[in-house]
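Take a look at the structure below.
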Amino acid sequence: MRCWAVAVVRGAAGVLTVAAVGHTVWNGLAEPGIALAFGALITIGELARRDSGDAARQQPAPLGSAGALGYALLGQNAGAPTHHGVLQIVAVVVAAALLGIVPHIARGRGPALDHLARRVLTVTFAAVCFQPLYNSGQLEHRVGQGPYLVLFLVFVLGLTALCDAVLGAVLAGARTGWPFAPLLRDELRAQLGIGSAICATGVVMALGVAVAGLWAVPVFSVPLLLTQMSFHRITAIRTTYRQTITSLARATEIAGYTRPGHSRRVAALSVAVGRELGLSEREITVLEYAALMHDIGQLSLVDPVPAGATAELPEAEARRIAGLGGEVARQTGVPAEVAVVVELQADPYRDQPVAARIVRAVNAYEDLSRHVGGARHPGGSLEALERLRLGTGHDYQTEIVECLARVLARGGRARVGPVPPG
């Protein structure tokens with residue numbers, strides 16, 4: 001099912017691209033000056049992309065996306081009607097985007113193929129909603145050129161944002177195997193952030209060009225370019241913050257209190273279980289930070305717990321270590337919810353927030369799967385899962401243990417780190 005969804009999205013985008021390029025080459029460009037201006041803006045927007053790694057492969061290029069939407073919703077140029085159609089819009093957007101991402105591809109940081117397919121389909125949707133009505137004269141006849149036109153454009157952008165969110169959720173679900181509903185919710189929330197700035201700039205740019213001509217393109221691009229720079233700065237700060245927490249979590253490994261990589265494994269598996277449960281992006285972030293820091297309280301011990309395995313400690317000792325860990329977490333300046341999760345991870349699960357229940361179960365699985373019977377062996381994972389199931393009703397929540405089992409059955413551990421909205 002997931003493979004079919006990806007194939008349909010890529011196939012539809014590919015067919016549209018081939019048809020658009022063929023049509024444009026055969027018939028030539030209508031209003032080449034307008035096409036060049038918006039194409040240059042899209043290319044510059046792609047060149048201005050400064051993300052690295054997976055973020056670059058999934059995040060939109062705000063300036064390029066706004067330019068593409070502005071071109072799709074353009075009806076007039078300085079009061080004169082335009083005549084470019086849907087296929088030309090797709091051809092110009094694809095050609096300009098490809099030109100802009102070539103340097104990124106050369107450095108190994110180009111956008112993912114699914115991201116490009118999503119861009120093609122989203123722009124096509126906006127153009128199909130607007131251009132046929134405008135070129136046939138029905139739009140002017142029904143809504144005119146006043147405020148009703150603006151309301152209509154806002155309505156089209158709302159539908160376009162919904163289309164983009166659905167495509168993003170479908171592709172993310174196919175890539176990760178996570179449930180569709182929470183992915184769609186996170187995509188819609190992302191539309192309220194940088195997505196709303198992209199949509200607003202696209203509409204204002206189209207309306208500005210209709211009145212003032214192509215001079216409106218660079219003028220209305222400046223605010224979004226500044227927004228994009230701020231967005232990059234915030235992303236860099238968050239990345240640095242997470243790296244700091246990860247380094248702090250490694251203190252228990254360096255000091256010999258836990259096994260190498262234990263906190264990262266618990267965090268990765270906890271994030272996967274959180275996705276399976278449908279937690280929001282904010283809740284996933286809290287969960288990840290808490291999972292990374294869940295053993296920080298062991299630094300207070302004089303004698304380390306053997307192999308750092310706290311799952312089988314007496315309840316009083318486990319709660320003491322968790323309480324000390326919560327105090328340490330508060331001193332680091334992490335969000336208060338993170339410290340609460342760390343502090344309560346050893347409490348009875350009915351008294352815990354969902355994130356603490358997840359960390360408790362995943363940490364126990366990680367400890368037991370590697371030390372069942374005092375030795376590591378191939379059957380450790382299955383036996384550990386059975387022991388968690390036997391402890392449901394008292395130590396672990398049944399739903400979380402079953403979610404953990406489904407994640408393990410897929411062989412899946414989510415990569416630790418933020419997942420980009422669409």
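The condition (being modelled with pLDDT of 85 or more and either in contact with a Phe, Trp or Tyr (Cβ under 7 Å, 6 or more places away or on another chain) or exposed (fewer than 15 other Cβ atoms within 10 Å of the Cβ) (or both)) is satisfied by just one residue among V21, V102, V90, V15: V15. If you go through the range 45-83 and pick out every residue that is assigned to a loop (DSSP other than H, G, I, E, B), polar (S, T, N, Q), crowded, with 16+ Cβ neighbours inside 10 Å and modelled with pLDDT under 85, you end up with 1.
Filtering the range 333-344 to residues that are crowded, with 16+ Cβ neighbours inside 10 Å and at pLDDT below 80 leaves only V334. Checking the stated criteria, P132 turns out to be under 21 Å from T160 (Cβ atoms) and open to solvent by 20 Å² or more (accessible area, probe 1.4 Å).
For the range 396-406, the condition of being at pLDDT 80 or above, among the hydroxyl-bearing types (S, T, Y) and surrounded by 17 or more Cβ atoms within 10 Å (Cβ to Cβ) holds for at least one residue. Taken together, H232, H262 contain a single residue that is touching a residue at least 24 places away in the same chain (Cβ under 8 Å), out of contact with any helix residue (DSSP H, G or I) (no Cβ under 9 Å at 6 or more places or on another chain) and closer than 30 Å to G177 by Cβ, which is H232.
Looking only at the range 145-180, residues that are surrounded by fewer than 22 Cβ atoms within 10 Å (Cβ to Cβ) and outside any helix (DSSP H, G or I) come to 4 in all.
The values are calculated or read from the model by the stated rules, or taken from the named source; none is laboratory data. Keep in mind that this is a model prediction, so the values were computed, not measured. Using ideal geometry, Cβ is built from the backbone for each residue, glycine included, and neighbour counts are taken over all protein chains shown. Heavy atoms of the whole protein, side chains included, go into the accessibility calculation; ligands, DNA and RNA do not. Shrake-Rupley method; radii C 1.70, N 1.55, O 1.52, S 1.80 Å.
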